[in-house]
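Undergrad: Encoded as structure tokens, here's the structure I'll be asking about.
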Amino acid sequence: MLVGVIPFGMIYGALALSQGLNPAAALAMSTILFAGSAQFLFCQLFGVGAPGLVIVAEVGLLNLRHALYSAALAPQIVHLPWRWKLALAYLLTDEAYATIARREASGAVSSLHWRWFYLGAGLGLWGSWQLSTAVGVLLGARLPADWPLDFALPLTFIAIVVPLIRNRTLLAVAAVSGCVALLLAGLPFKLGLLVAALAGMTIGWRLAGSLR
Amino acid sequence: MSVWLLIVLCGVVTFAIRLSFIAAEGTFTFPPGFRRLLTFVPVATLTALVIPDLLMPQGTLWLAWDNARLTAGLAAIAIAAITRSVLWTLVGGFVVLWIGS
């Protein structure tokens, strides 16, 4: 788990500098946003001079999937004090969610220790992300400019999406959003992403509704 | 907009999304249709970002084996399906991209 985060964090740090972010902002983003793929998208949009509202809207859309993780986690921590809820929400990432989901499936954690297990996993990921980002920022200036670091983003998304496509409805969602994204790829600042994702979600919603 | 304000805004939006269901549990119920819509969010958003990167690396459709990003992406899809590992998908994808370009 941690092993996958470290190269990604280093690539992010280097990419952020190459897209014109200053080192302090690149590091602060890892703390404030703490969402690897959204940080990549932020840098790419910032690098091409996208308007601020477009950046916030696209980062929000990309992170909307975390609401799904929030919904999965909510019933288990409903009885915890607010300071726990706020901390665990802040630490909620793709990787943290994958860790809990896997551990839960194996039934290895008692409910008493569960929160500590989750906090430990979350803080481990958090620390690795901050450190690897810092290493990337330090090394970034020395990397050759023609290294295709930006390709880490599609590769990471492929690694997340492929295992998720478990049925024909989800395959249709992927096909529709992929095709619409291609058709609208000419729009500036990746704005086609907003339309394509909404089209895919609508198709999924309609297909799932008609099946039930 | 300054880069700092942008980072804070993105951070607030992201934190609000992560807190949404955790904060609402027990007091407020989201409509069931919203939950159903959410299940499609990861596949819809991530695929919409990936496909143009692979098929249009230079802005126009490039459907050929010498499109190194396309071949690397196809290899990554196969690796992700088999290993389900982010690390191996990254390593394999970059190796194929490096060989192809």
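Undergrad: I'd like the full set of residues that are of a type in the set (Lys, Arg) and more than 8 Å from chain B (Cβ to nearest Cβ), limited to the stretch A:185-212.
TA: Those that are of a type in the set (Lys, Arg) and more than 8 Å from chain B (Cβ to nearest Cβ): A:ARG206, A:ARG212.
Undergrad: Kindly indicate whether any position in the stretch B:3-11 is farther than 20 Å from A:LEU194 by Cβ and touching a Gly at 6+ places or on another chain (Cβ under 7 Å).
TA: Within the stretch B:3-11 (the criterion being farther than 20 Å from A:LEU194 by Cβ and touching a Gly at 6+ places or on another chain (Cβ under 7 Å)), the answer is no, since none of the residues qualifies.
Undergrad: Does B:SER85 satisfy being among the hydroxyl-bearing types (Ser, Thr, Tyr), more than 25 Å from A:ALA181 (Cα to Cα) and either within 7 Å of another protein chain (Cβ to nearest Cβ) or crowded, with 17+ Cβ neighbours inside 10 Å (or both)?
TA: The answer is yes for B:SER85.
Undergrad: Filter the stretch A:162-188 down to the residues that are surrounded by fewer than 23 Cβ atoms within 10 Å (Cβ to Cβ) and in contact with a Pro (Cβ under 7 Å, 6 or more places away or on another chain) and list them by number.
TA: A:LEU164, A:LEU182, A:ALA185
Undergrad: Limited to the stretch B:75-101, what total is found for residues that are outside any helix (DSSP H, G or I) and closer than 16 Å to A:ILE160 by Cα?
TA: The total comes to 2.
Undergrad: Check B:VAL13, B:VAL50 and return the single one that is of a type in the set (A, V, I, L, M, F, W, C), crowded, with 23+ Cβ neighbours inside 10 Å and within 7 Å of another protein chain (Cβ to nearest Cβ).
TA: Sole residue among the options that is of a type in the set (A, V, I, L, M, F, W, C), crowded, with 23+ Cβ neighbours inside 10 Å and within 7 Å of another protein chain (Cβ to nearest Cβ): B:VAL50.
Undergrad: Additional query: Please enumerate the residues belonging to the stretch A:32-61 that are among the aromatic types (Phe, Trp, Tyr) and under 23 Å from A:LEU123 (Cα atoms).
TA: Matches in the stretch A:32-61: A:PHE34, A:PHE40.
Undergrad: Could you list, in sequence order, all residues of the stretch B:40-68 that are farther than 20 Å from A:ARG166 by Cα, out of contact with any Gly (no Cβ under 8 Å at 6 or more places or on another chain) and not in a loop (DSSP other than H, G, I, E, B)?
TA: B:LEU55
Undergrad: Further, regarding this structure: Would you confirm, using the coordinates I've provided, whether A:LEU182 is within 14 Å of B:PRO52 (Cβ to Cβ), more than 8 Å from every other protein chain (Cβ to nearest Cβ) and within 22 Å of the chain's Cα centre (by Cα)?
TA: no
Undergrad: Regarding B:THR71, is this residue more than 8 Å from every other protein chain (Cβ to nearest Cβ), surrounded by fewer than 22 Cβ atoms within 10 Å (Cβ to Cβ), assigned to a loop (DSSP other than H, G, I, E, B) and out of contact with any Lys or Arg (no Cβ under 9 Å at 6 or more places or on another chain)?
TA: no
Since every read-out is calculated from the coordinates, none of them should be taken as a lab result. Remember, predicted model here, so these are calculated numbers, not experimental data. Cβ sites come from the backbone with ideal geometry, for glycine too, and all protein chains shown count toward neighbours.
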